[in-house]
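To start, the structure itself, in C-alpha cells.
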Amino acid sequence: MRGLKDRVAVVTGGLGDLGYATATRFVEEGCKVTILDLKANEQAQAIGAVYWQIDITQTQALHALSSCRVPRAARWQVNVTPRAQRRHATAL
C-alpha cells in the first residue's frame, strides 16, 4: 500500500479485528484515518486515528456525521468497510 501518504481514509467497523488492522496499516502508511464504529473504545486514539461512535445503518447518524467539521476538513479519499451489518435498508 504505497502512495497513501496524506490521504484521508474512513474505516467503518474500525474497531473489529480486520477493521482495526486496516486502520493501523493506513496510519502506518501516513493516512489521516477516521474510524467509525458502534463500540466505544480508546484503540483509535492509541494509533492516532479520529474516532466517531456511530451506527452507520442509521440515516440520521450519517447525516449528522456529514455535517460535522472534522470529517469535512478534507475530502475522504479511501473508504473501507470490512463488515457492516444492515438491520434494514436505508436510502441516502
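Starting from segment 35-60, take each residue that is modelled with pLDDT under 85 and list its partners that are among the basic types (Lys, Arg), counting only C-beta distances under 7 angstrom and pairs at least six apart or across chains. Cβ pairs passing all conditions: Thr57/Arg86; Thr57/Arg87.
Considering only residues of segment 8-43 that are farther than 17 Å from Leu65 by Cα and in contact with a helix residue (DSSP H, G or I) (Cβ under 8 Å, 6 or more places away or on another chain), which is surrounded by the most Cβ atoms within 10 Å (Cβ to Cβ)? Break it down stepwise before answering.
Step one: of segment 8-43, the residues farther than 17 Å from Leu65 by Cα are 15-31, 41-43.
This time we only want the ones that are in contact with a helix residue (DSSP H, G or I) (Cβ under 8 Å, 6 or more places away or on another chain), so: 15, 20, 23-24, 27, 43.
On the way: Leu15: 21, Tyr20: 22, Ala23: 30, Thr24: 19, Val27: 19, Gln43: 16.
Result: Ala23.
Of all the criteria given as (1) at pLDDT 65 or above; (2) over 12 Å from Leu15 (Cα atoms), the one not satisfied by Arg86 is (1).
The values are calculated or read from the model by the stated rules, or taken from the named source; none is laboratory data. Bear in mind that the values here come from a model prediction, so they are computed numbers and not experimental data. Methodologically, a virtual Cβ is constructed for each residue, glycine included, from the backbone with ideal geometry; neighbour enumeration extends over all protein chains shown.
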